[in-house]
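Participant: Next up is a structure, given as C-alpha cells.
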Amino acid sequence: MSKLLGIVVLGLLLSGNGHAEIKILEQIGPAKLKTSLLKGAFSVTRICSNGYEFLVTGRGDNTSVTQVFENDNGKSLPKKC
C-alpha cells in the first residue's frame, strides 16, 4: 500500500509543471539595435511566459534568457505582462 502511495505522489509531483504558455511580445532584429557596437551582433526577443516577462538574446548556440524585473516602491519584483 505504501509503495502505491509513493508512486501516486511521485507521479503527481513530476506531472504538475509540464505546460507553459509562451507569447512573443516583441522581436528586435540584429540590424535594428540602436547601439552601434551591437548592431548586427544578435537579436533580442521579449516573451511572456506564464504571466512574467523575459528577454531572449543571442544567435544560434549562444542564447541567453533573462527575467525582467521592475522597481516597485524600492522592491525589485519580476515584471508581469
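Please treat every number below as a calculation from the coordinates, not as lab data. Because the structure is predicted, anything quoted here is derived from the model rather than measured. Positions of Cβ are generated from backbone atoms using ideal geometry, with glycine treated the same way; all protein chains shown enter the neighbour counts.
Participant: Using modelled backbone amide H atoms (1.01 Å from N, in-plane), which distant-in-sequence or interchain residues come within less than 5 Å of TYR52's amide H?
Facilitator: CYS81
Participant: If R0 is 30 Å, what FRET efficiency do you get for ARG59 and LYS80 from their C-beta distance, rounded to 0.05?
Facilitator: Values: r = 28 Å, r/R0 = 0.93.
Result of the calculation: an efficiency of 0.60.
Participant: Quote the FRET efficiency, to the nearest 0.05, computed for GLN27 versus ASN71 with a Förster distance R0 of 35 Å and r equal to the Cβ-Cβ distance.
Facilitator: 0.85
Participant: Let me ask something else. Once amide H atoms are built 1.01 Å from N in the peptide plane, which residues 5 or more positions from PHE69, or in another chain, come under 5 Å H to H?
Facilitator: Those qualifying (amide H under 5 Å, at least 5 residues apart or on another chain) are LYS79.
Participant: Output ³J(HN,Hα) for the stretch 73-81: one whole-Hz value per residue in order, computed from phi by the Karplus curve 6.51 cos²θ - 1.76 cosθ + 1.60 with θ = phi - 60°, and x for Gly and Pro.
Facilitator: Whole-Hz 3J(HN,Hα) from phi for the stretch 73-81: 6, x, 10, 8, 10, x, 6, 8, 10.
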